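Undergrad: If you scroll down you'll find the structure; I have some questions about it.
The values are calculated or read from the model by the stated rules, or taken from the named source; none is laboratory data. Note that the coordinates shown come from a computational prediction; the quantities given were computed from them, not determined experimentally. Please note: Cβ atoms are built from the backbone with ideal geometry, for glycine as well, and neighbour counts cover all protein chains shown. Remember, those area values only see protein heavy atoms, side chains included, never the ligands or the DNA or RNA. Shrake-Rupley method; radii C 1.70, N 1.55, O 1.52, S 1.80 Å.
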Amino acid sequence: MNRLPLPPNEPGAARTKNADALMTEDPPTSSPPLLQVRDLRTSFHTPHGDITAVAGVSFDVAYGETLGIVGESGCGKSVTALSIMRLVPNPPGVIESGEVLFEGADLLKFSDKEMEAVRGDGIGMIFQEPMSSLNPVLSIGRQITEPLEVHLGLKGNRARSRAAELLDMVGIADSRRRLDDYPHMLSGGQRQRVMIAIALSCEPKLLIADEATTALDVTIQAQILELMKNLTSQLGTALVIITHNLGIIARYADRLNVMYAGMIRESGTAEQVYMTPAHPYTIGLLNSVPRLDRPASDRFDPIPGEIPDPGNLPSGCAFRPRCRWATGRCEGTEPVLEPFGDRQKVACFESGAVARSSQVAWT
Amino acid sequence: MTASTALQESWSKLGKFAPTLPEPLLSVRDLNVHFPIRRGFVIQREVARVRAVDGISFDIRPGETLGLVGESGSGKTTAAKAVIQLSKPRSGSIKFEGQELVGLSTSAMRSVRRKMGMVFQDPYGSLNPRMRAGDIVGEPLKVHGLATSRDDYRSQIASLLSIVGLAPAMAERYPNEFSGGQRQRLGVARAIAAKPSLLILDEAVSALDVSIQAQILNLLQDLQEQYDLAYLFIAHDLSVVRHIADRVAVMYMGRIVETANSADLYTRPLHPYTQALLSAIPTPNPIHERSRERIILKGDLPSPLAPPSGCRFHTRCPIATDVCSMTVPELRSLAPDQRAACLLAPGYAESAI
Ligand SMILES: Nc1ncnc2c1ncn2[C@@H]1O[C@H](COP(=O)(O)OP(=O)(O)OP(=O)(O)O)[C@@H](O)[C@H]1O
Ligand SMILES: Nc1ncnc2c1ncn2[C@@H]1O[C@H](COP(=O)(O)OP(=O)(O)OP(=O)(O)O)[C@@H](O)[C@H]1O
Ligand code: SF4
Ligand SMILES: [Mg+2]
Ligand SMILES: [Mg+2]
């Protein structure tokens, strides 16, 4: 196992250092990234027609880094994660093409059995709805010890002790006794802690958290996110945070992908994307969120129009009907994600003009 | 910065004051709404009770927005339902335009209800799927007899739809043909149909995507200006509330722990819970976020069936002392138009209620 050395225990310091390194240095060319997603396409064949939920998505996740995926509902965030895990419901879903290289091996070519092993100790996932992902008729202890037995070969009391340790680690007091509790006896926040314990139980190299805190109250959300960030940075686990909350990404992610209608429209370091956004959709999103770090202005400057129907996308750039910068070219051809400046990528024909005006607006 | 030095800083901004307030449109005093938990087959015995709303008071003046915030289960919806008499208060007073609503007959309440519109959280569940959009919007016109003829009914619907930014031709469609944001516009159109003076918006924008949420918030601000509407705006997202509310009341486990005008609440929160709530919200600014210390509360929300003694926040409060578990703090005036229920807040001991 080529684990990264453990970063320092202090989460803030670790993160800042990480971000600096990413901005100034080139990524190490010797070892490939932990995860490489290449031109991933996933569709759903429904009675009402075909929906291309993920329409050619490519991105990397480096060992130990935190990647954010943002975008509004239906843009394909969850389907991207489910495709990586090979958990897309079939039918109606089909992974049409692409590669998902995890430590160099293409998961899309794995047998179901090999995939089971990856899900246990290679990639952990936390879902939005803790109640639906915990089994209501099994005790918490049973649900934590199961992966320990299957993947690490821990049995009986040793598995139970490890399970109690894991509960301690996620901040559930009186952990030995709580192992016998059932999911309904826990609060929403506690259930999400248990999910984190299970997802991290076999020390995966990658943890995918899909809206893991969205259903929780803000103060509990803050607790859980800090916990997740601290644990993954202690263990050297790479983290993919999927959320529609731009604030969460700003706080926790080193880099981010902004998705719209099945495609990544902009990616880069958090600093780049938030400070010099170059895609009109990114700017629209940033102008739509109420933010406590700025004076309360009277009005928002929202993106006009509606999120398009995924089964009936506009021609050319899917954002075109809502875009202030759109020209004739945007109607005929679909823009692809191209490098923009240093480490930023943008899928927009007008990105140069957009970035210039966004800099004016943001400074 | 530790939680207590952050509080010290916030508290140090307190000044001198002399309150003067205009007549309220809605005035709620000592409102209590409890839900008994019953067990037993033949004879149902009350085994416990949830004090969902436990002695709250607030005012809303004409044309003003009061933001009501707090965690899940803090009693926001229950309080709103009591105002329109959908949940029955155990005690307390609710005065609307000077008229007492508690104990009012159903028929008398119906004419009051015309002046109160309500928009709910769920843009999917709150509209009757078998009614056309036009009739959904026009329903209050029928109920209160506000249309003089069939033509008048149709033209009122058309103008309501265009006020909320929908094409009048959409009146013929059914709710499932609308997007989430459009459905919420329909909900707003129906709520203002009978020309109310108060709109109750219970998590009305919470389920919407940010770009659509911003559109609806703008619409609400325009409507308020144009029609001098007062809003009771319920949300758990303090950053949304800041944009729309003139004053804010923060609830915790059935009680209001702080109420103030927006500007003061956000720059100088006096209650430790308000401060933790504000601190927990991440802002979309990576540089600011990474340098910022946050107050992370410990522990879970207590069970509503067994609320903590004394100050209900004491189990999670970063600055609580022994006295906090023994004495129930009152909501006291600590600054102009700012009241807080914290035993340790500056001036608490000296001030009257
Ligand atoms: N089981 C399914 N059957 C048919 N279509 C589906 C299915 N799952 C997802 N889709 C469609 O795929 C698209 C992408 O969905 P996805 O769940 O990835 O969105 P998302 O970005 O995660 O949104 P949200 O923020 O609402 O979770 C949507 O148009 C959705 O309707
Ligand atoms: N009909 C009912 N019977 C029993 N308990 C109830 C009932 N309605 C609400 N409660 C309880 O009263 C408390 C307050 O609920 P309420 O719905 O008012 O909270 P809220 O602040 O609106 O929360 P949310 O943000 O989740 O909507 C909760 O503990 C809830 O479980
Ligand atoms: S009264 Fe005590 S416990 Fe309650 S908020 Fe104030 S300091 Fe905290
Ligand atoms: Mg999703
Ligand atoms: Mg509610």
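Undergrad: Going residue by residue through the range B:52-62, is there one that turns out to be assigned to a loop (DSSP other than H, G, I, E, B) and surrounded by 15 or more Cβ atoms within 10 Å (Cβ to Cβ)? Don't jump to the end; show me each part of the working.
TA: Step one: of the range B:52-62, the residues assigned to a loop (DSSP other than H, G, I, E, B) are B:61-62.
Checking the rest, the ones that are also surrounded by 15 or more Cβ atoms within 10 Å (Cβ to Cβ) come to B:61-62.
Scanning the range B:52-62 turns up at least one residue that is assigned to a loop (DSSP other than H, G, I, E, B) and surrounded by 15 or more Cβ atoms within 10 Å (Cβ to Cβ).
Undergrad: Now for a different question. Looking at the range A:212-296, what helices (runs of 4 or more DSSP H) fall wholly within it and have at least 2 residues that are assigned by TED's automatic domain parsing to the domain that holds A:ARG193 and in contact with a strand residue (DSSP E or B) (Cβ under 8 Å, 6 or more places away or on another chain)?
TA: Details: elements: A:218-235, A:246-252, A:270-275, A:280-288.
Once the helices (runs of 4 or more DSSP H) in the range A:212-296 are filtered for at least 2 residues that are assigned by TED's automatic domain parsing to the domain that holds A:ARG193 and in contact with a strand residue (DSSP E or B) (Cβ under 8 Å, 6 or more places away or on another chain), what remains is A:218-235, A:246-252.
Undergrad: Any residue in the range A:60-88 that's among the polar types (S, T, N, Q): show its pairings with residues that are in a helix (DSSP H, G or I) at Cβ separation under 7 Å, as long as the two are six or more apart or on different chains.
TA: As it stands, the answer is A:THR66/A:TYR252, since those pairs meet every condition given.
Undergrad: Further, regarding this structure: Which one of A:GLU72, A:GLU65, A:GLU116 is away from ligand 2 (no atom under 16 Å from the Cβ) and at pLDDT 95 or above?
TA: Among A:GLU72, A:GLU65, A:GLU116, only A:GLU65 is away from ligand 2 (no atom under 16 Å from the Cβ) and at pLDDT 95 or above.
Undergrad: Tell me which residues, restricted to the range A:73-101, are open to solvent by less than 20 Å² (accessible area, probe 1.4 Å), assigned to a strand (DSSP E or B) and either under 17 Å from A:SER58 (Cβ atoms) or within 16 Å of ligand 5 (Cβ to nearest atom) (or both).
TA: Correct list: A:VAL100 only.
Undergrad: Can you list residue pairs whose Cβ atoms sit under 7 Å apart, with the first residue in the range B:68-79 being more than 14 Å from chain A (Cβ to nearest Cβ) and the second being away from ligand 4 (no atom under 16 Å from the Cβ) and among the polar types (S, T, N, Q)? Count only pairs 6 or more apart in sequence or on different chains.
TA: If the second residue must be away from ligand 4 (no atom under 16 Å from the Cβ) and among the polar types (S, T, N, Q), the pairs left are B:THR78/B:SER87.
Undergrad: Sticking with this one: In the range B:205-222, which residues are in contact with a Leu (Cβ under 8 Å, 6 or more places away or on another chain) and touching a residue at least 12 places away in the same chain (Cβ under 8 Å)?
TA: Step one: filter the range B:205-222 for residues in contact with a Leu (Cβ under 8 Å, 6 or more places away or on another chain), giving B:205, B:210-211, B:216, B:220.
Answer for the range B:205-222, where residues must be in contact with a Leu (Cβ under 8 Å, 6 or more places away or on another chain) and touching a residue at least 12 places away in the same chain (Cβ under 8 Å): B:VAL205, B:ILE216, B:LEU220.
Undergrad: If you don't mind, there's one more thing I want to ask. Those residues that are at negative phi and either assigned to a strand (DSSP E or B) or open to solvent by less than 20 Å² (accessible area, probe 1.4 Å) (or both), I need them from the range B:86-99; list them, please. Write out each step before concluding.
TA: Step one: list which residues in the range B:86-99 are at negative phi, which gives B:86-91, B:93-96, B:99.
Matches in the range B:86-99: B:SER87, B:PRO89, B:SER91, B:SER93, B:ILE94, B:LYS95, B:PHE96, B:GLN99.
Undergrad: Let me ask you something else. Which one of B:ALA280, B:ALA263, B:ALA306 is more than 15 Å from ligand 3 (Cβ to nearest atom) and open to solvent by less than 20 Å² (accessible area, probe 1.4 Å)?
TA: Values: B:ALA263 fails: open to solvent by less than 20 Å² (accessible area, probe 1.4 Å); B:ALA306 fails: open to solvent by less than 20 Å² (accessible area, probe 1.4 Å).
Within the list B:ALA280, B:ALA263, B:ALA306, the selection yields B:ALA280.
Undergrad: Which of the residues that make up the range A:251-262 are basic (Lys, Arg) and more than 7 Å from chain B (Cβ to nearest Cβ)?
TA: Filtering the range A:251-262 down to residues basic (Lys, Arg) leaves A:251, A:255.
Correct list: A:ARG255 only.
Undergrad: Can you say whether A:GLU114 is open to solvent by 60 Å² or more (accessible area, probe 1.4 Å), under 30 Å from A:ASP50 (Cβ atoms) and assigned to a helix (DSSP H, G or I), as far as the supplied structure shows?
TA: Working: open to solvent by 60 Å² or more (accessible area, probe 1.4 Å): yes; under 30 Å from A:ASP50 (Cβ atoms): yes; assigned to a helix (DSSP H, G or I): yes.
Criteria met by A:GLU114.
Undergrad: Are there any pairs, at least 6 apart or on different chains, whose C-beta atoms fall under 8 Å, with the first in the range A:263-292 and at the interface with chain B (Cβ under 8 Å from one of its Cβ atoms) and free of Cβ contacts under 8 Å to residues at least 40 places away in the same chain and the second of a type in the set (Phe, Trp, Tyr) and open to solvent by 10 Å² or more (accessible area, probe 1.4 Å), and if so, which?
TA: Note: pairs meeting the criteria are A:ASN287/A:PHE300; A:SER288/A:PHE300; A:PRO290/A:PHE300; A:LEU292/B:TYR266.
Undergrad: Looking for whichever is at pLDDT 90 or above and either over 30 Å from B:GLN213 (Cα atoms) or within 16 Å of ligand 3 (Cβ to nearest atom) (or both) here; the options are B:GLY75, B:GLY63, B:GLY117, B:GLY103. Which one fits?
TA: On the way: B:GLY75 fails: either over 30 Å from B:GLN213 (Cα atoms) or within 16 Å of ligand 3 (Cβ to nearest atom) (or both); B:GLY63 fails: either over 30 Å from B:GLN213 (Cα atoms) or within 16 Å of ligand 3 (Cβ to nearest atom) (or both); B:GLY117 fails: either over 30 Å from B:GLN213 (Cα atoms) or within 16 Å of ligand 3 (Cβ to nearest atom) (or both).
Only one candidate qualifies: B:GLY103.
Undergrad: Now, a different point. Could you identify the single residue in A:PRO339, A:PRO302 that is more than 9 Å from chain B (Cβ to nearest Cβ) and free of Cβ contacts under 8 Å to residues at least 24 places away in the same chain? Spell out the reasoning first.
TA: Working: A:PRO302 fails: more than 9 Å from chain B (Cβ to nearest Cβ).
Exactly one of A:PRO339, A:PRO302 is more than 9 Å from chain B (Cβ to nearest Cβ) and free of Cβ contacts under 8 Å to residues at least 24 places away in the same chain, namely A:PRO339.
Undergrad: Please work out which residue is nearest to the chain's Cα centre (by Cα), limiting yourself to the range B:246-256 and to residues that are open to solvent by 10 Å² or more (accessible area, probe 1.4 Å) and under 14 Å from B:ASP337 (Cα atoms).
TA: Looking at the filtered set, the residue picked out is B:ARG247.
Undergrad: Still on this model: State the number of residues belonging to the range A:191-209 that are of a type outside the set (A, V, I, L, M, F, W, C) and open to solvent by 10 Å² or more (accessible area, probe 1.4 Å).
TA: 4
Undergrad: Against the condition within 16 Å of ligand 2 (Cβ to nearest atom) and open to solvent by less than 10 Å² (accessible area, probe 1.4 Å), how does B:VAL83 come out, does it pass? First the steps, then the outcome.
TA: Working: within 16 Å of ligand 2 (Cβ to nearest atom): yes; open to solvent by less than 10 Å² (accessible area, probe 1.4 Å): yes.
Against the criterion (within 16 Å of ligand 2 (Cβ to nearest atom) and open to solvent by less than 10 Å² (accessible area, probe 1.4 Å)), B:VAL83 qualifies.
Undergrad: For residues that are open to solvent by 60 Å² or more (accessible area, probe 1.4 Å) and over 22 Å from the mean Cα position of the chain (by Cα), tally how many sit in the range B:328-343.
TA: Residues of the range B:328-343 open to solvent by 60 Å² or more (accessible area, probe 1.4 Å): B:328, B:330, B:339.
Retained after the next criterion (residues that are over 22 Å from the mean Cα position of the chain (by Cα)): B:328.
The total comes to 1.
Undergrad: So how many residues does the range A:305-326 have that are surrounded by 14 or more Cβ atoms within 10 Å (Cβ to Cβ), more than 8 Å from chain B (Cβ to nearest Cβ) and in a loop (DSSP other than H, G, I, E, B)?
TA: Going through the range A:305-326 one residue at a time, the tally reaches 12.
Undergrad: Could you say which residue among B:GLN215, B:GLN184 is touching a Lys or Arg at 6+ places or on another chain (Cβ under 9 Å) and under 30 Å from A:HIS244 (Cα atoms)?
TA: Details: B:GLN184 fails: touching a Lys or Arg at 6+ places or on another chain (Cβ under 9 Å).
Among B:GLN215, B:GLN184, only B:GLN215 is touching a Lys or Arg at 6+ places or on another chain (Cβ under 9 Å) and under 30 Å from A:HIS244 (Cα atoms).
Undergrad: Kindly evaluate B:GLN156 against the criterion of being closer than 18 Å to B:GLU172 by Cβ and surrounded by 17 or more Cβ atoms within 10 Å (Cβ to Cβ). Show your work before the answer.
TA: Working: closer than 18 Å to B:GLU172 by Cβ: yes; surrounded by 17 or more Cβ atoms within 10 Å (Cβ to Cβ): yes.
For B:GLN156, the condition - closer than 18 Å to B:GLU172 by Cβ and surrounded by 17 or more Cβ atoms within 10 Å (Cβ to Cβ) - is met.
Undergrad: Let me ask another. Of all residues being open to solvent by less than 20 Å² (accessible area, probe 1.4 Å) and in contact with a helix residue (DSSP H, G or I) (Cβ under 6 Å, 6 or more places away or on another chain) in the range A:117-129, which is nearest to ligand 3 (Cβ to nearest atom)? Just the residue, please.
TA: Only one residue tops the list, namely A:ILE126.
Undergrad: Based on what the data block shows, is A:GLU211 in contact with a His (Cβ under 9 Å, 6 or more places away or on another chain) and of a type in the set (D, E, K, R)? Before the answer, list the steps.
TA: Values: in contact with a His (Cβ under 9 Å, 6 or more places away or on another chain): yes; of a type in the set (D, E, K, R): yes.
Yes, satisfied.
To keep it simple, each residue is scored yes or no on (1) hydroxyl-bearing (Ser, Thr, Tyr); (2) within 14 Å of chain B (Cβ to nearest Cβ); (3) farther than 19 Å from A:GLY120 by Cα.
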residue	(1), (2), (3)
A:ILE196	no, no, no
A:PRO204	no, no, no
A:ASP217	no, yes, yes
A:GLN223	no, yes, yes
A:MET228	no, yes, no
A:GLY236	no, no, no
A:VAL240	no, no, no
A:HIS244	no, yes, yes
A:ILE249	no, yes, yes
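Undergrad: If you go through the range B:210-237 one residue at a time, how many are within 11 Å of chain A (Cβ to nearest Cβ), of a type outside the set (A, V, I, L, M) and part of a loop (DSSP other than H, G, I, E, B)?
TA: Number of matching residues: 2.
Undergrad: How many residues are within 13 Å of the chain's Cα centre (by Cα) and within 14 Å of ligand 4 (Cβ to nearest atom) when one looks only at the range A:215-247?
TA: Looking only at that region, the number is 6.
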